[in-house]
Amino acid sequence: FYNCRCCRFHLKLHEDLKTAGTAEKSKMAIASVLNKHAPYLRMYKDYVNNLKTATNFVTTAKQKRFREFLQITHRNRGTKGMDLVTLLTLPVHRLPQYKDLMENLLESTEESDEEFKLVKQATDLCTEVTQQVNKAFAEHDEAMAKFVENNPKFRKGSGVDKKASLNTTVKNPQTRKKPSVLKSHRSVEREFSRSEGEIKSHADIFVEQFAATWRSAKSVVYKDLPRLVKRISVASTGGGGNGGERKFEVEAKRSSASPAAATTTTTSSSSSTSSSTSPSTSEGIWDNVCKLILFVAKELETREKVEELKKALKDQNVQDNAEIFPSLKEVVEKCLGLDSKTFAIFKTTHQSILVPAMVKLAETVFKPLGQNFKDVSRPEGWKIQIHIGEAIYIVHKRIEQSLHSPDDPKHFECHWSLRLSFDKQMSDLKAVFVRIIDVKMHPEMPKEEQDKVVDALKGEGYLIS
C-alpha cells in the first residue's frame with residue numbers, strides 16, 4: 001500500500017472543503033481550497049501505478065489473520081458494505097469529480113464576478129492534474145503490457161510462449177471465427193434495486209453510485225450528446241398525445257432539412273423518424289442533436305414548451321463544432337430547463353454514467369484473467385437506447401476488449417448491457433440492471449482461462465447453466 005499519505009492528505013482536504021461549503025462566499029472559498037490542495041493531487045500518479053499491485057495483494061493474500069481482518073472490515077458500518085478492493089479504487093474516481101465541481105462553478109460565474117479569476121484558476125488546475133494522472137495511468141498500463149509481452153515467463157496461465165504465439169498468428173483476423181464461451185449457458189440480467197429509506201445493502205450502494213452521477217450531470221451532457229447522437233435511438237409507446245409506437249434514430253444521409261422541421265409519423269404498429277443530415281459536419285451534428293431533443297421533448301413536455309424549444313433551437317446559428325457546446329447549454333438552461341424530464345433523460349447518455357458498471361465488469365470478467373480493457377471503436381461498440389412509456393428506462397450496450405492485439409491468444413471481447421430504470425416523472429432512479437451478453441475469446445486461449453471467466457460470471461449471478 002504504497003503512498004498511504006494520500007489518506008492524511010484527503011482528511012485535510014475534506015475538512016477544508018466542508019468548511020468552505022458553509023462559508024459566506026462559498027464559491028470563492030471552495031476555489032481557494034482547491035487552488036491550495038490540487039497540486040498535491042499529483043501524488044495519485046504514484047497511487048494509480050501501484051493500485052494494481054495493491055489490489056492483487058488483497059485478493060491473493062493467504063494469511064489467515066489478514067483474511068479475517070478483511071471480513072471484519074467488510075462488515076464494519078463505516079465501510080458501507082464495500083470491500084477493501086472497492087475502497088482502494090474510490091479515490092481514483094474522485095479525481096474527475098473535483099474537475100466537474102469546478103467546471104460547474106465556473107459555468108455559474110460571470111467574468112465580471114470578483115471570484116471568476118480564482119474559480120477559473122482552480123478549474124484549470126484540477127483539469128491539468130486529472131489529465132496528468134490519467135496519462136500516467138495509461139502509460140503504466142502500456143509499459144506493463146509491453147513488459148509482459150517481452151517476458152513470456154510472466155504470462156500467468158497462458159501456457160503459450162512467445163514463439164508459439166508467433167507461430168499461431170492468424171494472418172487475416174477479420175475472417176477468424178471467435179467462439180463464444182457462453183454458448184452452453186444462459187445469460188441473465190442481474191437486478192440491483194434500491195431499498196426504501198436509507199442506504200443499507202450492496203445493491204443500494206451500487207444504485208446510489210449511478211444516481212449520484214445522474215443527479216450531478218450537466219456539463220458532461222453538453223459535451224457528450226453531440227458526439228454520441230449517432231449512437232442513440234429512441235422508442236416511445238403512446239407518448240406525445242398519439243397512439244402507437246414512435247421511433248427515432250440517426251441515418252448518415254445528406255439533406256437540407258432544418259431541425260425545427262423534424263417530424264414524426266405515428267402508426268398503430270411502428271414508425272420511425274430518422275435524421276438525414278450528414279453527421280460528419282458541424283451543421284449535421286447540430287441538426288441531429290436538435291431533432292433528437294425535439295423528439296424526446298414531444299413525448300414528455302407540453303405542446304407550448306415544445307414550440308418554445310423548437311424556436312430556441314432554430315435561433316441558434318451554429319457554424320462550427322466549437323459552437324455546439326455553448327449553444328446547447330443556452331437552449332437547455334434558458335428554455336428547456338435543467339429540471340425538465342427531457343434533460344433528465346439526457347443526463348443518462350454520457351460516459352461517466354457507465355463508470356460504476358465498468359468497475360464491476362473489470363472485477364468480474366477481466367480481473368480473473370489479470371487483464372485490463374479498453375472500448376471497441378466499431379459502430380456497434382456502444383449503443384444507447386431510450387425507451388419512453390409507462391416506465392422510462394435507458395439501455396447502454398457496450399463491447400469492451402482486452403489490451404492484447406486481436407492475434408494474441410489472450411485477446412477477448414465482452415459484450416454487456418446496462419439498464420437504468422426510472423419512474424415516469426424521471427425524478428428517481430429505481431433500479432439498475434447489468435447483463436453480460438456474450439464473451440468472445442481467441443480460439444487458442446487455453447480452456448482453463450475461459451473457465452475462469454465463466455466461473456466468475458456464474459458466481460456473480462450473470463450466468464446460469
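For region 342-354, the criterion of being in contact with a Phe, Trp or Tyr (Cβ under 6 Å, 6 or more places away or on another chain) and part of a helix (DSSP H, G or I) is satisfied by no residue at all.
Scanning region 220-236 for residues that are part of a helix (DSSP H, G or I) and not β-branched (V, I, T) gives Y222, K223, D224, L225, P226, R227, L228, K230, R231.
Mind listing whichever residues of region 441-462 are open to solvent by 60 Å² or more (accessible area, probe 1.4 Å) and in a helix (DSSP H, G or I)? Outline the logic, then answer.
Keep residues of region 441-462 that are open to solvent by 60 Å² or more (accessible area, probe 1.4 Å), which gives 443-444, 447-448, 452, 455, 458-460.
If the condition is that a residue be open to solvent by 60 Å² or more (accessible area, probe 1.4 Å) and in a helix (DSSP H, G or I), then K447, E448, K452, D455, K458, G459 are the ones that fit.
Number of residues in region 420-440 that are closer than 21 Å to R378 by Cα and of a type in the set (D, E, K, R) equals 3. Residues that are crowded, with 24+ Cβ neighbours inside 10 Å and modelled with pLDDT of 85 or more were ranked within region 31-46; the one that is farthest from N134 (Cα to Cα) is A31.
Please verify whether I399 is open to solvent by 10 Å² or more (accessible area, probe 1.4 Å), hydrophobic (A, V, I, L, M, F, W, C) and at pLDDT 90 or above, treating the condition exactly as stated. Spell out the reasoning first.
Values: open to solvent by 10 Å² or more (accessible area, probe 1.4 Å): yes; hydrophobic (A, V, I, L, M, F, W, C): yes; at pLDDT 90 or above: yes.
Taking the combined requirement at face value, the residue satisfies it.
For region 364-373, the criterion of being in a loop (DSSP other than H, G, I, E, B), open to solvent by less than 40 Å² (accessible area, probe 1.4 Å) and at negative phi is met by at least one residue.
Determine whether region 103-113 contains at least one residue that is closer than 19 Å to Y44 by Cα, surrounded by fewer than 17 Cβ atoms within 10 Å (Cβ to Cβ) and modelled with pLDDT of 75 or more.
The initial filter retains those residues of region 103-113 that are closer than 19 Å to Y44 by Cα, namely none.
Among the residues of region 103-113, not one is closer than 19 Å to Y44 by Cα, surrounded by fewer than 17 Cβ atoms within 10 Å (Cβ to Cβ) and modelled with pLDDT of 75 or more, which makes the answer no.
Taking region 414-440 as the range and being open to solvent by 60 Å² or more (accessible area, probe 1.4 Å) and either of a type in the set (D, E) or closer than 25 Å to E299 by Cα (or both) as the test, the residues that pass are K424, Q425, S427, K430.
In region 313-337, the residues that are touching a residue at least 60 places away in the same chain (Cβ under 8 Å) reach residues that are hydroxyl-bearing (S, T, Y) with C-beta atoms within less than 6 angstrom, at least six apart or across chains, in these pairs: N321/S282; F325/Y222; L328/Y222; K329/Y222. Taking the stated definitions as given, is E390 out of contact with any strand residue (DSSP E or B) (no Cβ under 9 Å at 6 or more places or on another chain), in a loop (DSSP other than H, G, I, E, B) and open to solvent by 60 Å² or more (accessible area, probe 1.4 Å)? Answer is no for this residue.
The values are calculated or read from the model by the stated rules, or taken from the named source; none is laboratory data. This one's a predicted model, so the numbers in the text were calculated from it and none came from an experiment. Cβ coordinates were reconstructed from backbone atoms using ideal geometry, including for glycine residues, and neighbour counts include every protein chain displayed. Please note that ligands, DNA and RNA were not included when accessible areas were found on the heavy atoms of the full protein model with its side chains. Shrake-Rupley method; radii C 1.70, N 1.55, O 1.52, S 1.80 Å.
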